[in-house]
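Chemist: I am attaching a structure below and will ask some questions about it afterwards.
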Amino acid sequence: MRVTTENRADIGLIGLAVMGQNLVLNMNDHGYTVAVYNRTVSKIDEFLNGPARGTRVVAARCLEELAAGLKPPRKIMLMVKAGKAVDEFIELLLPHLERGDLIIDGGNSHFLDTLRRTERLRDKGFLFIGTGISGGEEGARRGPSIMPGGTPEAWPLVKELFQCIAARTSEGAPCCDWVGENGAGHYVKMIHNGIEYGDMQLIAEAYQLMRDGLELNHAAMRRTFAAWNRGELESYLIEITRDIMAVPDADGRPLVEKVLDAAGQKGTGKWTGINSLDLGIPVTLITEAVYARALSALKDERVDAAKILKGPKGTFKKDTQPTVEHIRKALVASKIVSYAQGFMLMREASREYRWHLDFGNIALMWRSGCIIRSVFLERIKAAYDRNPNLANLLLDDYFKDILRTCQASWRRVVAAAVQAGIPVPAFSASLSFYDGYRSARLPANLIQAQRDYFGAHTYERVDQPRGTFFHTQWSAHLRDGNA
Ligand code: 2AM
């Protein structure tokens, strides 16, 4: 059916790829009338005659028809490819909109684009929301995690709709709340994806330690992941890893071993790494996870290098090998560090971009519906409930105690991996971070001395108040016969 001024829709949605289609069907399930449009108009009919047959969904043939067919103030959601397409649609839409109307970008936009768009549209009198949506196609259909940010006045217009279609925690809380102004929603989605990169790399390292280090077969690894999924590591990613272990190829061998070991990436993990460098926050685990994918992608180079570069063969020595339980504890400890780093970055970003992020709420939004959903996030929420000003998750009593009980295993696994020549970039980066963060004194005094030596960059002294700067003619001391 076509949308008209008589049967006005609650919301319009542009972009009928799978995510867009599934969101429309999800909204329809909850009693909303959605008007849809797509650049390639034939896809509108395919959708209405296919998945949307028998629903309340209505079609618009052009943007003018779409705008005319929406209840005021109009709400139009873009589910199009991030980048140019978003800007183009905004420009095409504006002539058909009135002041106070709302454009929502539900794609994977960079938060700085969202920041720019929110401000530009606000100056013209329009409302804008940039929202992260996580959970893939299934999430979009059944209930995703939704992370909206933008013009604050826009939130009341879509709060009910968004919270209705979002995933819910086991206690019934919606995994959707207002994140903050302008780019805050897309920023938090970016961090979510970065953490996802980290979680996946940690699980991949645990898998290699078991497959190569301990020479476990896939049935044993499946049982291990199944057991892990019943404890503090319970999560969607552990669950699907368990299932992957059990899937055979046509020849009966595990399919996962037939998959080429060259990881792809779309860029949100990289954005998190870049932002951590920009803000000067050591998000080492996620960044290592991005590099690990980059290294994996150099497949041909690695195959050549494997013939030339010598080292241990990648299995543990039987008498000193860590156990599966040691590996589990190393994974738990590393995961805590990864989330602590992610929240450190959000804390700094909240200051830098003036967002007033609520970290407990963010943990709650990730509790269900999204790829990193886990029991663990409930613990993070509880930590921020106990202390909203918590400087670092590592300092919370619950996490501090786990790190204490996991620490010996963590060190043992990293040491054994190093001895055996098994790469563990994420396990070891997190352990180094932990040791660095708990160091009252690091060797940066030498770096400052070097900087002062070659560039007169000056240094502060341990025995003088901070903010007092000194310079030494280091080489003059040597010439004076002190060398
Ligand atoms: P299409 O069906 O016409 O290709 C995901 O790719 C969604 O974004 C699709 O609905 C797609 O429309 C839309 N899209 C991608 N690039 C676009 C562009 N440059 N302009 C408009 N829509 C675009």
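The values are calculated or read from the model by the stated rules, or taken from the named source; none is laboratory data. Quick caveat, the model's predicted, so the values are computed rather than measured. Quick reminder, even Gly has a Cβ in these numbers, built from the backbone with ideal geometry, and neighbours come from all protein chains shown.
Chemist: Working carefully through the options LEU92, LEU97, find the one that is within 16 Å of the ligand (Cβ to nearest atom), more than 17 Å from GLY183 (Cα to Cα) and over 22 Å from the mean Cα position of the chain (by Cα). Walk me through it before giving the result.
Modeler: Details: LEU97 fails: within 16 Å of the ligand (Cβ to nearest atom).
Answer to the selection: LEU92.
Chemist: Go through (1) within 16 Å of the ligand (Cβ to nearest atom); (2) at pLDDT 95 or above; (3) within 30 Å of LEU357 (Cα to Cα) for GLU137 and report which single condition fails.
Modeler: Going through (1) within 16 Å of the ligand (Cβ to nearest atom); (2) at pLDDT 95 or above; (3) within 30 Å of LEU357 (Cα to Cα) one by one, GLU137 breaks only (2).
Chemist: Determine, yes or no, whether ARG74 is crowded, with 22+ Cβ neighbours inside 10 Å and modelled with pLDDT of 95 or more. Spell out the reasoning first.
Modeler: Numbers: crowded, with 22+ Cβ neighbours inside 10 Å: yes; modelled with pLDDT of 95 or more: yes.
So ARG74 fits the description; yes.
Chemist: Does the stretch 45-56 include one or more residues that are outside any strand (DSSP E or B), within 24 Å of LEU94 (Cβ to Cβ) and either in contact (Cβ under 8 Å) with a residue 60 or more places away in the chain or within 15 Å of the ligand (Cβ to nearest atom) (or both)? Walk me through how you get there before you give the answer.
Modeler: In the first step, residues of the stretch 45-56 are kept if they are outside any strand (DSSP E or B); the result is 45-56.
Okay, now just the ones that are also within 24 Å of LEU94 (Cβ to Cβ), so none.
Within the stretch 45-56, none of the residues are outside any strand (DSSP E or B), within 24 Å of LEU94 (Cβ to Cβ) and either in contact (Cβ under 8 Å) with a residue 60 or more places away in the chain or within 15 Å of the ligand (Cβ to nearest atom) (or both).
Chemist: Could you please tell me which pairs satisfy a Cβ distance under 7 Å, a separation of 6+ or placement on different chains, a first residue in the stretch 296-315 that is touching a residue at least 12 places away in the same chain (Cβ under 8 Å), and a second residue that is of a type in the set (Val, Ile, Thr)?
Modeler: Note: pairs meeting the criteria are GLY314/ILE422.
Chemist: Considering only residues that are β-branched (Val, Ile, Thr) and either in contact with a Pro (Cβ under 9 Å, 6 or more places away or on another chain) or assigned to a loop (DSSP other than H, G, I, E, B) (or both), which ones fall in the stretch 1-21?
Modeler: If we filter the stretch 1-21 for residues that are β-branched (Val, Ile, Thr), which is where we start, we get 3-5, 11, 14, 18.
Listed by number, the residues that qualify are VAL3, THR4, THR5.
Chemist: Taking LYS75 and the conditions (1) more than 22 Å from GLY183 (Cα to Cα); (2) more than 14 Å from the ligand (Cβ to nearest atom), which numbered condition does it fall short on, given that it satisfies the others?
Modeler: Condition (1) is where LYS75 drops out.
Chemist: Of TYR32, TYR37, which residue is in contact with a strand residue (DSSP E or B) (Cβ under 7 Å, 6 or more places away or on another chain), over 17 Å from GLU137 (Cα atoms), hydroxyl-bearing (Ser, Thr, Tyr) and within 11 Å of the ligand (Cβ to nearest atom)?
Modeler: Working: TYR32 fails: within 11 Å of the ligand (Cβ to nearest atom).
Answer to the check: TYR37.
Chemist: Can you list residue pairs whose Cβ atoms sit under 8 Å apart, with the first residue in the stretch 101-112 being assigned to a loop (DSSP other than H, G, I, E, B) and the second being at pLDDT below 95 and of a type outside the set (Gly, Ala, Ser)? Count only pairs 6 or more apart in sequence or on different chains.
Modeler: From the stretch 101-112, the pairs are ASN108/LYS266; ASN108/THR268.
Chemist: Follow-up question, since we're still on this one. Kindly indicate the residue of the stretch 100-117 that is away from the ligand (no atom under 16 Å from the Cβ) and among the aliphatic types (A, V, I, L, M) and also farthest from the chain's Cα centre (by Cα) among those meeting that condition.
Modeler: Checked the stretch 100-117; the qualifying residue farthest from the chain's Cα centre (by Cα) is LEU102.
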